[in-house]
Amino acid sequence: MSELQKLMDDISEWSDRTFGEGQRNPAIAYHLKKEIEELIWAIKAHQNGNKPSVSVKGDMLVERVFLEYADCFTLLLDSASHLGLTADDLIAYSRIKLEINKTRKWGKPDENGVIEHID
């Protein structure tokens, strides 16, 4: 079993124990949407030299931006797991999507720097 699959299983087991078993999508995806906003804030703070840290397990300090990435990743894996996807599925579909994106034409950045495909 891959490390990613083990992590996905651990997250799913904890999530079911904590929040109840069963299909909780799209609620998990809505939570992810909120966490993305926190990640954007943390990235901006990090890039501006303001690197807020939080205490994790006693005196260990971790940059908040790293924990926001972990929050988003955790929720993404939990949502995928509750939809029945495995780590191997996520990797395979990500490879497929990468190949699709390689063939696309891309526009200009918008006011937030987002570049979307135009074909």
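Out of the residues in the range 1-23 meeting the condition of being modelled with pLDDT of 95 or more and among the polar types (S, T, N, Q), tell me which one is surrounded by the fewest Cβ atoms within 10 Å (Cβ to Cβ).
Selected residue: Thr18.
Kindly list the number of the only condition in (1) assigned to a helix (DSSP H, G or I); (2) free of Cβ contacts under 8 Å to residues at least 12 places away in the same chain; (3) of a type in the set (Asp, Glu) that fails for Glu21.
Among (1) assigned to a helix (DSSP H, G or I); (2) free of Cβ contacts under 8 Å to residues at least 12 places away in the same chain; (3) of a type in the set (Asp, Glu), the lone unmet condition for Glu21 is (1).
Yes/no per residue for (1) in contact (Cβ under 8 Å) with a residue 60 or more places away in the chain; (2) of a type outside the set (A, V, I, L, M); (3) under 23 Å from Ile11 (Cβ atoms):
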position: Ala45; (1), (2), (3): no, no, no
position: Ser53; (1), (2), (3): no, yes, no
position: Glu68; (1), (2), (3): no, yes, yes
position: Leu75; (1), (2), (3): no, no, yes
position: Asp88; (1), (2), (3): yes, yes, yes
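The values are calculated or read from the model by the stated rules, or taken from the named source; none is laboratory data. Please read these numbers as outputs of a predicted model, since none were measured by experiment. Backbone-built Cβ (ideal geometry, glycine too); neighbour counts: all protein chains shown.
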